[in-house]
Amino acid sequence: MHAGKTQIVILGGGFGGIYTALELEKRLRGDLTVEMSLVNRENFFLFTPMLHEVAASDLDPADIVNPIRKLLKRTRLFVGDIRSIDLEKKKVLVCHGGEQHAHDLQYDHLVIVLGSVADFLNLPGVQQRALTMKSLSDAIRVRSRLIEHLDEADFECCPALRESLLTVAVAGAGFAGVETAAAVNTSFVRP
Ligand SMILES: Cc1cc2nc3c(=O)[nH]c(=O)nc-3n(C[C@H](O)[C@H](O)[C@H](O)COP(=O)(O)OP(=O)(O)OC[C@H]3O[C@@H](n4cnc5c(N)ncnc54)[C@H](O)[C@@H]3O)c2cc1C
């Protein structure tokens, strides 16, 4: 970061963050008084609308990710975990690396697009037992669990146990829920 330049810091490298950076790069083309940084936990942009296809083993994890450094020409990527935002002092605390080394990122303008977290609505048992479906690691976990259950059911002679291994309840019927239910269904009916 260079002193004297206007610093724009974007927090989050999902749809909101990446498209904000792309648009700002377009609008500020040629304006060298501005520097832009984007902070994200991962160094890739995840195409969530296809996440369920990874869970259903229809796609490989690498098929739905794009390196952020390749997508953005001018915006500097900082891979790390955002810990706090000091609105008065206009700085963001970011930790990164194996030792969680801490950095203060100073900003003039801040864009916060950190997405959402799964809301379990305090429904008994859901948070304790359910797998979430938000990140790439979530989809890989669902995929492994499905394969594990299909394998186990294949040689299960007790009909009740077999049925429970082949029964999946999806909590939530938004994009993630409906698409995941359809993906699980196709992986169960596949020959
Ligand atoms: C399975 C699934 C299917 C979907 N299908 C569709 C669809 O078909 N059509 C549609 O319109 N929408 C769909 N959605 C919804 C869509 O993915 C979201 O609306 C969209 O991702 C929201 O964008 P965002 O940038 O706000 O958040 P996200 O895309 O979630 O991005 C937030 C980013 O911030 C990062 N982050 C969060 N906290 C921190 C932190 N503390 N430190 C560092 N980084 C952090 C995350 O790692 C992430 O990269 C789907 C969602 C899912 C989960």
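What to note about this one:
- Contact map, region 149-174: first residue in contact (Cβ under 8 Å) with a residue 60 or more places away in the chain and farther than 25 Å from Ala118 by Cα, second residue open to solvent by 90 Å² or more (accessible area, probe 1.4 Å) and assigned to a loop (DSSP other than H, G, I, E, B), Cβ cut-off under 7 Å, separation 6 or more or different chains; the map is empty.
- Cross-chain or 6+ apart pairs with Cβ under 9 Å, region 56-72 first and under 17 Å from Thr186 (Cβ atoms), then open to solvent by 80 Å² or more (accessible area, probe 1.4 Å) and in a helix (DSSP H, G or I): Ala56/Arg143; Ala56/Asn185; Ser57/Arg143
- Total residues in region 100-119 satisfying the condition of being modelled with pLDDT of 90 or more and over 18 Å from the mean Cα position of the chain (by Cα): the figure is 10.
- Meets criteria (surrounded by fewer than 16 Cβ atoms within 10 Å (Cβ to Cβ), under 29 Å from Gly13 (Cβ atoms), at pLDDT 90 or above and of a type in the set (Phe, Trp, Tyr)) for Phe175: no
- Exactly one residue among Gly4, Gly97 is open to solvent by 70 Å² or more (accessible area, probe 1.4 Å), more than 13 Å from the ligand (Cβ to nearest atom) and either more than 23 Å from the chain's Cα centre (by Cα) or not hydroxyl-bearing (Ser, Thr, Tyr) (or both), and that residue is Gly4.
- Test for Val34: is it within 9 Å of the ligand (Cβ to nearest atom) and more than 30 Å from Val178 (Cβ to Cβ): no
- Beta carbons closer than 9 Å, at least 6 apart along the sequence or on distinct chains, pair a first residue in region 110-137 that is closer than 20 Å to Glu42 by Cα and open to solvent by 100 Å² or more (accessible area, probe 1.4 Å) with a second that is within 10 Å of the ligand (Cβ to nearest atom) and part of a loop (DSSP other than H, G, I, E, B) for Val117/Thr132; Val117/Lys134.
- Within region 158-165, not a single residue is over 30 Å from Val9 (Cα atoms) and within 16 Å of the ligand (Cβ to nearest atom).
The values are calculated or read from the model by the stated rules, or taken from the named source; none is laboratory data. Owing to the predicted nature of the structure, the values given are computational and were not obtained by experimental measurement. Methodologically, a virtual Cβ is constructed for each residue, glycine included, from the backbone with ideal geometry; neighbour enumeration extends over all protein chains shown. To get the accessible areas, we keep the full protein, side chains included, count just its heavy atoms, and leave off ligands, DNA and RNA. Shrake-Rupley method; radii C 1.70, N 1.55, O 1.52, S 1.80 Å.
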